[in-house]
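Undergrad: Below is a structure I'd like to ask you about.
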């Protein structure tokens with residue numbers, strides 16, 4: 001299962017993203033990052049959740065994802081998907097509707113029970 005951020009790798013891109021979050025948070029294009037990270041780093045609660053769920057999720061930035069999976073180049077990001085089946089489990093639209101990290105974690109826990 002892969003989470004894909006709507007941002008590219010690299011120090012310059014990270015600095016641009018930080019500036020965007022600070023100066024214009026309402027237009028920031030990655031709700032996944034917005035939910036799971038504060039302006040400068042990963043949120044402690046998200047880090048702890050991931051530590052408890054090791055090896056279940058992989059995280060990629062947009063450039064990494066499209067390089068590895070070019071057939072998904074037209075898909076809207078961010079997202080959570082099963083790349084083996086090609087099924088999008090959480091679309092950009094769905095992630096955009098989460099108001100906070102607790103809602104995302106809640107959804108993931110319910111999804112794990114249902115698989």
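The values are calculated or read from the model by the stated rules, or taken from the named source; none is laboratory data. Just so you know, these numbers come straight off a predicted model, no measurement behind them. Here the Cβ is made from the backbone with ideal geometry for all residues, glycine too, and neighbour counts use every protein chain on show.
Undergrad: Just checking, does region 86-93 include any residue being within 10 Å of the chain's Cα centre (by Cα), in a helix (DSSP H, G or I) and within 18 Å of residue 103 (Cβ to Cβ)?
TA: Looking for residues that are within 10 Å of the chain's Cα centre (by Cα), in a helix (DSSP H, G or I) and within 18 Å of residue 103 (Cβ to Cβ), one finds at least one in region 86-93, hence yes.
Undergrad: If you check every pair at least six apart or on different chains, which have Cβ atoms under 6 Å apart with a residue in region 12-28 that is under 17 Å from residue 61 (Cβ atoms) first and a residue that is in a helix (DSSP H, G or I) second?
TA: Matching pairs, first to second residue: 28/20; 28/21; 28/34.
Undergrad: With the structure loaded, tell me whether residue 74 is in contact with a helix residue (DSSP H, G or I) (Cβ under 9 Å, 6 or more places away or on another chain), closer than 27 Å to residue 111 by Cβ and either surrounded by fewer than 13 Cβ atoms within 10 Å (Cβ to Cβ) or at pLDDT below 95 (or both) or whether it fails that test.
TA: So residue 74 does not fit the description; no.
Undergrad: Taking only region 1-55 into account, find how many residues are surrounded by fewer than 18 Cβ atoms within 10 Å (Cβ to Cβ), at pLDDT 75 or above and assigned to a loop (DSSP other than H, G, I, E, B).
TA: Adding up the residues that qualify gives 14.
Undergrad: Sticking with this structure for a sec: Tally time: how many residues in region 48-75 are without any contact (Cβ under 8 Å) to a residue 24 or more places away in the chain and within 13 Å of the chain's Cα centre (by Cα)?
TA: 1
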